[in-house]
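Novice: Got a structure here, written out as structure tokens. Questions coming.
Only the coordinates and a few stated rules stand behind these numbers; no lab work does. Quick caveat: nothing in here was measured; it's all calculated off a predicted structure. Positions of Cβ are generated from backbone atoms using ideal geometry, with glycine treated the same way; all protein chains shown enter the neighbour counts.
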Amino acid sequence: MSALLDVIHLKKSFGGLAVTNDVSLSLAPGDRVALIGPNGAGKTTFVNLVTGNLKPDQGRVLIGGEDVSAMKPAERVKRGLIRSFQVTRLFQDMTPEEHVAMAVLQRDGRSGRMFGHYAGKRQVMEEVGSILDLLGLSALAHLKVREIAYGQQRLLEIAVAMALRPKVLLLDEPAAGVPHSETTRIEKALDMLPAELAVLMIDHDMDLVFRFAKRVVVLAAGTVIFDGSPQAVTADQRVREAYLGSYGHAGSAA
Amino acid sequence: MQTVLSIGIDALAYGMILFVISIGLSVTMGLMRVVNLAHGAFAMIGGYLASYAARDLGLHYGLAVLLAVVGTIAIAIPVERFLYRRIYGASELTQVLMTIGITFCVIGIANFVFGPTLKTVPLPPSLSGSVDLGFRSIAIHRLFAIGAGLVVAFALWFLIERTSFGIRIRAAVDNAAMAAALGVRTEIVYAISFAVAIGLAALGGVLGAELLPVEPYYALRYMVTFLVVVSIGGAGSISGALVACLLLGAIDTTGRYLAPEYGEFFFYLAVIVIVTLFPRGLMGRLK
Amino acid sequence: MRTQDGSSRGLVQALADRGIFGILIIILVGIAGYYLLPNNLALLTRITATALLVLSIDLVTGYCGVATLGHAALFGAGAYGAGIASAHFGINEPISMTLIGAAAGALAGLISGFVILRAHGLAQLVLSIAVVHLAHEAANKASGWTGGSDGLSGIAPGAIFGVFEFDLWGRTAYVYGIVLLVLVFALLKILVRSPFGMLARGVREDSLRIAAMGASAHSVQMRMYVISGIVAGIGGALSAISTQVVGLDSLSFTLSAQSLVMLVLGGVGSLYGAIIGTVVFMFFEDTVSAANPFHWLTIVGALLILVVLFAPKGLYGSAIALSSRLTRRKSA
């Protein structure tokens, strides 16, 4: 088993409606996969099933070959499955430096220490500094999150995820709510993710998807209807039907 | 057999009084999502007003009850307008603090105005006797309390399930923003529900004065009990509240009869067990 | 350190962050109290013991976001622990009594946390109230051990280090209380600045986000509850040692609610706020309730409503906000 993430025959229904219907997906090291689909296709449910925030009716999730289906979200995180949030979920009263330091300490299993200040550990602070630097957040390191712009908060989401040193990274709409002029900064940040990392990005923004992804998976009505290259996806008949059938406007899909 | 019957009747009467007082709390907590620790304080105000009207003014019992309910609502309306509206949607801690503050104020003022002694609401002759069942007699007041509880439960069920106002309440409980978008004036629904809830609390405070004696610390003493009803029954659920009240009435009364030296120990133990087992309430409605 | 505008201000900030000022102020106010109010040392010691309880509530409410109305259970456990050790087992050495109180408080914190942290929202609040009532009823029933409603008497603490006797004027008890408060404050200041303290603040703000970082919010809150129990237990032990009697009121809902009020008055989520709130509240109480205890409750209620409406950050929080607004205006 060389795959980092294996999702096997995952099923979930809410009140008789199959929201995730027998979805299987596999990610290898270095994969850059985009998961797309029309509204209501079940993308968010799928993410929550993989992270363990929802319990599937059937199916299994494996990280690096290890079955984590029965594990809580925090235990999956410890095995390298990290997610970012579609709506920014940061601690409003804490600084970017504190966010990244907390993530680094948590990853190293030192977040429970009750003595000494986090800033006292030099090697921690060096790593925190380099991550903030990489994402261009150094100047904001000591401001409270509530005081920084939304686009910068999105970058901080990515910084926190990177600090946790993921093996598999689930990016839930990393550019959601960011003005178009600033998406390039997010794209640049995504380019800097470690090469061996497997990334699954969930997004609507087709420009971003085509630039980022080497492979595209299309979800419609809870089922995978396409899994292939970005070049082939627009030509696929079932994908066209899924989007055009539910919207009626070709323009909004692509 | 005698004891079982006595416990049964007392438990039923106590449970029904609990229901009359706390159902209003349940509805308002389901509707406005306010943790209202001051609900018992309004029941206590009802008890004081009725006692004053019946004992000091010599009014008829029925008139005293009416006066107590109307008077308590009149006191509650400005409190809702100026204090409660500030904490709708606020954090739980804020709501707890504000409503504890109101409770403390009510206790202090009641103590100042009426003194620290127990106040009774004298029953009319028609309610103060007992009926002889042949093998045992039952205080009429207990039967009256049980009857009143049933009437309140039925009336509320009718109001909520069968009237157009009920439809608006249910819509607002389910999704206040959606209801407002559909043209339900939630502020008015809130205000009316609050008034009804306080009126019922006052009614329960008066009817239950024999079982929950009226004194200044009433508001603190039974604060938990009323909250527990909502927590176990599920906020906004009439049937849940009824079941919770009967259950709690049974536990409390049985404890008092069989192990009085333990005080309320078993009551609180039961509360912890039930809330731990059903953190979302027996009916699972509490969010 | 954190502010780069001028090294003197940076030094001041760094000292404030480390709680050096807090410790100095507690010591100075402590000395001032000793000489200015020599006939009121019993009251001052009571304030010190209560300040430990309020600090302990701040740990779970202010730093972990758990709203509790049952924290006196932890304080009472410490008081009865230390009291029973002395009255029934003849352990009269004050420092041992304090340690026993701390251990009893930790145990009570563990049990309370186990019960309370299973639920959220209203259910959590109800559980916290039920816990303190249950403890109260249990202590009342076990009158052989606790003295029931008469209170536990026969507590006879010996001299500290065999030298400092507990005198009639309460001087030794007062000094011992201030020393305990300074020690606890210094340790808590380290705790809230530590990685664990930072994690706890994260739990307060968004426990789901904490889980997505691989940490367990429940375990953080549980550990904090035990620490909080140690602090409250020390406060209870101090109360038992200084008054030489433990009453059921130390396990009461009223004490739980009042100490939460003190915390809110001073400012939730700040160790300074907890202490300031306690001192202001209890001095006020002593003055007003001497005149009329029932007016006192009305005033507490009104005060609480006013704080919620006009100063939700409490005295300390509002003062900080005001001073930072003033300095900002000056520099602009």
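Novice: Can you give me the distance in nm between label points at B:THR163 and B:LEU5, each placed 7 Å from the Cα along the Cα-to-Cβ direction?
Specialist: 3.9
Novice: Two decimals, Cα atoms only, Kirkwood Rh: what is Rg/Rh over segment C:213-256?
Specialist: That ratio is 1.19, to two decimals.
Novice: Right, next: Could I get the Rg over Rh figure for segment A:1-81? Both from C-alpha atoms, Rh via Kirkwood, rounded to two places.
Specialist: 0.95
Novice: How many nm is it between the label spots at C:PHE161 and A:ASP133, if each spot is 7 Å from the Cα in line with the beta carbon?
Specialist: About 5.1 nm, to one decimal.
Novice: Hey, if you put +1 on the Cβ of every Lys and Arg and -1 on every Asp and Glu Cβ in chain A, which of A:GLY109, A:PHE14, A:SER181 ends up farthest toward the positive end of that dipole?
Specialist: Ranked along the dipole, the leading option is A:GLY109.
Novice: At a 10 Å Cβ-Cβ cut-off, how would you order A:MET162, B:MET32, fewest neighbours first?
Specialist: Going from sparsest to densest Cβ surroundings: A:MET162, B:MET32.
Novice: How many nm is it between the label spots at B:ILE188 and C:LEU110, if each spot is 7 Å from the Cα in line with the beta carbon?
Specialist: 5.9
Novice: Considering the Cα positions of segment C:59-102, please state its Rg to one decimal place and its Dmax as a whole number of Å.
Specialist: Radius of gyration, then largest Cα-Cα span, for segment C:59-102: 13.5, 40 Å.
Novice: Can you tell me the length gained on complete extension of the stretch A:ASP191 to A:ARG215, counting 0.36 nm per residue apart and subtracting the Cα distance?
Specialist: 7.1 nm
Novice: Quick check on the protein assembly as shown: of the DSSP beta bridges with both residues there, what percent are antiparallel, nearest 5%?
Specialist: Approximately 60 percent, going by the DSSP bridge assignments.
Novice: On a 0 to 90° scale, report how tilted helix B:2-32 is relative to the longest principal axis of chain B, with both axes built from alpha carbons and the result rounded to the nearest 10.
Specialist: It is inclined by approximately 20 degrees.
Novice: Going by how many other beta carbons lie within 10 Å of each one, how would you line up C:GLU285, A:GLU147, fewest first?
Specialist: Ascending Cβ contact count within 10 Å gives the list A:GLU147, C:GLU285.
Novice: Taking the 0 to 90 degree range and rounding to the nearest ten, how far is the long axis of helix A:150-163 tilted relative to the main principal axis of chain A, both from C-alpha atoms?
Specialist: The two axes meet at around 80 degrees.
Novice: What 222 nm value per residue comes from the helices of chain A, counting each DSSP H run with n ≥ 4 as -39,500 (n - 2.57) and dividing by all residues, nearest 500 deg cm²/dmol?
Specialist: Taking each H run of at least 4 residues, the total per residue is -9500 deg cm²/dmol.
Novice: Per the Debye formula with a single identical scatterer at each Cα and no solvent contribution, what log10 I(q)/I(0) holds for segment A:87-165 at q = 0.14, 0.17, 0.23, 0.24 Å⁻¹?
Specialist: With no solvent term, the Cα-only Debye profile gives -0.40, -0.59, -1.06, -1.15.
Novice: Further, regarding this structure: log10 I(q)/I(0), Debye, Cα-only segment A:1-147, no solvent, q = 0.11 Å⁻¹?
Specialist: These q points yield log10 I(q)/I(0) values of -0.57.
Novice: Just for the Cα atoms in segment C:2-331, what are the lengths along the principal axes, largest first, rounded to whole Å?
Specialist: The Cα atoms of segment C:2-331 stretch 62, 47, 42 Å along their principal axes.
Novice: Let me ask something else about it. For segment A:155-217, which trypsin sites (Lys or Arg not before Pro) are in a loop by DSSP, counting at most 12 other Cβ atoms within 10 Å? Working shown, then result.
Specialist: Numbers: sites: A:LYS167, A:ARG185, A:LYS188, A:ARG211, A:LYS214, A:ARG215; in loops: A:LYS167, A:LYS214.
Those that pass, being in a loop and sparsely packed, are A:LYS214.
Novice: Could you give the spread of the C-alpha atoms of chain B along their three principal axes, from largest to smallest, in whole angstroms?
Specialist: Cα spread of chain B along its principal axes, largest to smallest: 60, 45, 36 Å.
Novice: When the expected Rg is taken as 2.2 N^0.38 Å, what fraction or multiple of it is the alpha-carbon Rg of the protein assembly as shown?
Specialist: Its radius of gyration relative to the 2.2 N^0.38 Å reference: 1.06.
Novice: Something else about it: Please list the three semi-axes, largest first and in whole Å, of the ellipsoid equivalent to segment B:63-222, using sqrt of 5 times the eigenvalues of its alpha carbon gyration tensor.
Specialist: 33, 24, 12
Novice: Please order B:PHE82, B:PHE144 by the number of other Cβ within 10 Å, starting at the fewest.
Specialist: Ordered from fewest to most neighbouring Cβ atoms within 10 Å, B:PHE82, B:PHE144 come out as B:PHE82, B:PHE144.
Novice: Separate question: If R₀ is 35 angstrom, what is the calculated FRET efficiency for the pair B:ARG85 and B:VAL131, using the beta carbon separation as r and rounding to 0.05?
Specialist: The calculated FRET efficiency here is 0.15.
Novice: Continuing with the same structure: Tally Lys/Arg at +1 and Asp/Glu at -1 over every other residue whose Cβ is under 11 Å from the Cβ of B:GLY47; what's the total?
Specialist: So the environment of B:GLY47 carries a net charge of -1.
Novice: Which angle from 0 to 90°, rounded to the nearest 10, does the C-alpha axis of helix C:171-193 make with the longest principal axis of chain C?
Specialist: Orientation of helix C:171-193: about 40 degrees from the principal axis.
Novice: Cα convex hull of segment B:198-282: how many Å³ per residue?
Specialist: So the per-residue hull volume is 102 Å³.
Novice: Would you compute, for the Cα atoms of chain A, the largest minus smallest coordinate along each principal axis and list the three values in descending order, in whole Å?
Specialist: 58, 42, 34
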